[in-house]
1. Under 6 Å by Cβ, and 6 or more places apart or on different chains, what pairs join a residue from the range 236-249 that is touching a residue at least 12 places away in the same chain (Cβ under 8 Å) with one that is more than 6 Å from ligand 2 (Cβ to nearest atom) and of a type in the set (Val, Ile, Thr)?
2. Which of the helices (runs of 4 or more DSSP H) found entirely inside the range 86-198 contain at least 2 residues meeting this: open to solvent by less than 40 Å² (accessible area, probe 1.4 Å) and not aromatic (Phe, Trp, Tyr)?
3. Only residues in the range 12-36 that are more than 15 Å from Val252 (Cβ to Cβ) and of a type outside the set (Gly, Ala, Ser) count as the first member; pair them with residues that are away from ligand 1 (no atom under 11 Å from the Cβ) and in a helix (DSSP H, G or I), Cβ under 8 angstrom, at least 6 apart or cross-chain, and list the lot.
4. So Ala209 ticks every box in (1) within 20 Å of Asp125 (Cα to Cα); (2) more than 13 Å from the chain's Cα centre (by Cα); (3) not aromatic (Phe, Trp, Tyr) but one. Which box is left unticked?
5. Cβ-Cβ distance below 6 Å, separation of 6 or more or different chains: which pairs start in the range 174-200 with a residue that is modelled with pLDDT under 95 and end on one that is in a helix (DSSP H, G or I) and within 8 Å of ligand 2 (Cβ to nearest atom)?
Amino acid sequence: MTVAVGGLGAIGLAVAKALDEGRLEGLRLTAVSARDVAKAQRVMSGFASPVPVVPLGELAEHADVVVECVPAAAFADVAGPAVERGRIFMPISVGAMLRHMDLVDRARRTGARIIVPTGALIGLDAVRAAAEGTIREVRLVTRKPPLGLAGAPYLVENGIAVEGLTEAKRVFEGTAREGAAGFPANVNVAAALSLAGIGPDATRLEIWADPAVTRNMHTITVDADSARFTMTIENVPSEENPKTGKITALSVIAALRRLTAPLVAGT
Ligand SMILES: NC(=O)C1=CN([C@@H]2O[C@H](COP(=O)(O)OP(=O)(O)OC[C@H]3O[C@@H](n4cnc5c(N)ncnc54)[C@H](OP(=O)(O)O)[C@@H]3O)[C@@H](O)[C@H]2O)C=CC1
Ligand SMILES: O=C([O-])CC(=O)C(=O)O
């Protein structure tokens, strides 16, 4: 299968490198997109097989699988053409996906498939299994260093300051949909959890700005007729973008690997 990657930042570059290095059996990188084309070409000069840098809307013309790794604002430029051409579309700006759920109906029509990786979160296999039965409650508590949240539209609109905090402060409580809208660069994990489980309006989210933590921490709690579980992940920030946990790119790589692997484990 051929793969195109939109965005060569913290996540996209790691994914493109894994493909270029031949670490994903049966998958080959054929195109990338970047805002700064000259920078992308410089970065790829170290690749075994550099590929064309094309506009986001053209990625789908170059590959069977289109991976979106751009800021939320550019999500639709990648997503629309990929789904329209019937590709496998892998979004990572999952908060933006919630505002474009019409893509699911379009995918049904074109034969495209939208595969949302677990990303920076944990346990979506168990959430999906539980959702085949009856789930009573899904809750996510996200705890981040205050600077990782600074500038989020919800904080700005509500005059909530996170600078100079000496103790943890709960800055948001609401639904995953409201959280994804108010914190577009921060809680993609809440959006992914909601899509795996009971949807963005029923999934509850709390966001804490906590000066005592150096990692992005996410705890999910699920109460279902089949099981009750609580899981926490503590994400090491990536060097390129401290808002993004290192495990996010690895999750995308693992999700790509299962597209062609002869054996896959996990739901
Ligand atoms: N699902 C999850 O669990 C997680 C999701 N995310 C989300 O994933 C997305 C990517 O994150 P991350 O890799 O850390 O972000 P970065 O900011 O590190 O990288 C984004 C890249 O997109 C490029 N870009 C921006 N605009 C365009 C455009 N119009 N055309 C082509 N390329 C463009 C930028 O180029 P340039 O460098 O030239 O500006 C940059 O290289 C974000 O939306 C983030 O919120 C993050 C963490 C976890
Ligand atoms: O924890 C992370 O790496 C990033 C995060 O919360 C998100 O974007 O949802």
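1. Listed pairs, sorted by first residue: Thr248/Ile11; Ala249/Ile11; Ala249/Val15.
2. 94-98, 102-110, 124-131, 146-149, 176-182, 188-196
3. What qualifies is Glu25/Arg257; Glu25/Thr260; Arg28/Leu19.
4. Answer for Ala209: the failing condition is (1).
5. Pro184/Gly95
The values are calculated or read from the model by the stated rules, or taken from the named source; none is laboratory data. Nothing here was measured: the structure is a model prediction, and the numbers come from that model. Backbone-built Cβ (ideal geometry, glycine too); neighbour counts: all protein chains shown. In case anyone asks, the SASA skips ligands and DNA or RNA and just uses the protein heavy atoms, side chains included. Shrake-Rupley method; radii C 1.70, N 1.55, O 1.52, S 1.80 Å.
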